[in-house]
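Have a look at the structure below before the remarks.
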Amino acid sequence: MKTYNKKPKVMIAHFRVGMTDGVSLEIEKRVAILEKLGYQSFLLSGPKSKNSDYVIDELNFDSPHIVSLTQRFFDTDLDKNMIPSLLQELDSVSIRLKKELSKIIEIEKPDFIFIHNLFSHGRHIAASKAFLEIIEEFKIPTLGMHHDFYFERPQYNKVLDKQLMKYLEKYIPPVSPFIEHAVINTMSQKNLKELRGIDAKVITDTFNFEQEPWKKDDYNEGLVSIFNSIGILNNDIVILQATRIVERKSIEFTIELVKYINENNLLQSYFGKELYNDKKINQDSRAHLLIVGYAEDDGIEYLNELKELSSDLPYIHFLSDIIHADRGFENNQKQYSLWDCYTRVDAVSYPSTFEGWGNQFIEAVFAKLPIICYEYPVFKTDIKPYGYNYISMGDKFVKNNDYEHLKTLDNNKLCITADNLLKCLFSKNTNLLLDENFNIGCENHSYKSLEKNLKEVLLSLDKMK
């Protein structure tokens, strides 16, 4: 009788999958590479996900109970007498999660597990405990893929109590003979080694530079009429903000930039001229900002402040209701993919003040669009050295005292950034620079490097068996 070799199976776990956030997009890439390498994979997540094979509701770090646990855990004023009951609550959640995980493991019997952020984030500590215990109970070789750490975030890095610190050191991230660790930048690699003595491999974000370029087509032609309906005319300049709406994305910087261009009539000297992409502007042209990302529960206050900041600015647009990870229909409304948006804009803004790496940056490189970028720390250490061309917002900001969650750029920096952006948009040399960016990305941040890294990881994990 002829026998067939069973493909090895990888379980990929994260708080959410199938969305437009950076980690979800990275998971999609890993699924594609694993398939190419001869592995089968399945996805496990919390709710608020799309296309997940298994959903565990209690993996939702935005649920009131989990939010409460996290807030208390990282509250430096927490009454020490409350710590035993807090740890007991965490253990109760962990036990329930472990039961759900056990059922899935028994059904799927994965050969390997890839865990994204569950061992590093700090927003759901009980989940880390549950996953560690499952991994060690079933002895499954696992890659802990850490996109960012709790100790890199101000609200999570001030644990004073020894009991709580001991809990963190045991589970976030855990040390186990069945777990290898990987991070997405050299700063995290250094921090993890210094703070916890853990050696980690660097696997940066990547992009599929071998795919067909995103193009205007009959489907995304529908965006033109949507743009027109909200006041974006065919001769206007459109800047895309493709990230989620969370405070560290600092979207207010680009709102200020677009406002500065329009209120100071900076396009006036360019009337009748063509952009690098042959779009011709006229005396009615304005700059517009298209914000297509979504806000999670903990980003609602920030979103509301962005809307207040832009309430009297008709050239700032929020369009998350029709932009998703993939094309389709929802509630009888046509949905466009994030990639559709890139085909209908003239530049991309990336004003984040903190990132683990830079997914949207590399997407803009692939789309061959000018990038307006704030030089956050990891950008300067891990991306800038490759020589990409971009319009800099600098690396300094101050708090906007009129708002709780907003920051602001120096007015002189706004002036310089606006001037450099317009020079870039109207330069005949820009397409050469965008081609140069594409070649840099293709050489250094394509699927070729991800495939090489995953091969090495899987070989190492296989030796754990």
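The values are calculated or read from the model by the stated rules, or taken from the named source; none is laboratory data. All values reported here derive from a predicted model rather than from experimental measurement. All Cβ positions, even for glycine, are placed from backbone atoms using ideal geometry, and neighbour counts span all protein chains on display. Surface areas here come from the heavy atoms of the whole protein model, side chains and all, with no ligands, DNA or RNA. Shrake-Rupley method; radii C 1.70, N 1.55, O 1.52, S 1.80 Å.
Values for this structure:
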| read-out | value |
| --- | --- |
| Residues located in the range 249-263, provided they are in contact (Cβ under 8 Å) with a residue 24 or more places away in the chain and either more than 33 Å from the chain's Cα centre (by Cα) or in a helix (DSSP H, G or I) (or both) | K249, E252, F253, T254, I255, E256, L257, V258, K259, Y260, I261, N262 |
| Residue within the range 64-74 that is touching a residue at least 40 places away in the same chain (Cβ under 8 Å), more than 28 Å from L192 (Cα to Cα) and part of a loop (DSSP other than H, G, I, E, B) present | no |
| Matching residues in the range 98-118 - criterion: being within 28 Å of V159 (Cα to Cα) and either surrounded by fewer than 23 Cβ atoms within 10 Å (Cβ to Cβ) or among the hydroxyl-bearing types (S, T, Y) (or both) | K98 |
| In the range 340-355, the residues that are open to solvent by 20 Å² or more (accessible area, probe 1.4 Å) and closer than 23 Å to L303 by Cα | T353, F354 |
| Enumeration of residues in the range 75-85 that are open to solvent by 50 Å² or more (accessible area, probe 1.4 Å) and touching a residue at least 60 places away in the same chain (Cβ under 8 Å) | T76, K80 |
| Matching residues, the range 383-405, being under 22 Å from E152 (Cα atoms) and either among the small types (G, A, S) or buried (at least 22 other Cβ atoms within 10 Å of the Cβ) (or both) | I383, G394 |
| Test: L143 is part of a helix (DSSP H, G or I), touching a helix residue (DSSP H, G or I) at 6+ places or on another chain (Cβ under 8 Å) and either touching a residue at least 12 places away in the same chain (Cβ under 8 Å) or surrounded by fewer than 17 Cβ atoms within 10 Å (Cβ to Cβ) (or both) | no |
| Residues satisfying the stated conditions in the range 100-129, i.e. among the hydrophobic types (A, V, I, L, M, F, W, C) and either farther than 19 Å from F42 by Cα or not in a helix (DSSP H, G or I) (or both) | F112, I113, F114, I115, L118, F119, I125, A126 |
| Residue check for L313: aliphatic (A, V, I, L, M) and either farther than 21 Å from D236 by Cβ or outside any loop (DSSP other than H, G, I, E, B) (or both) | no |
| Residues satisfying the stated conditions in the range 166-204, i.e. part of a loop (DSSP other than H, G, I, E, B), closer than 21 Å to H445 by Cβ and open to solvent by 10 Å² or more (accessible area, probe 1.4 Å) | A200, T204 |
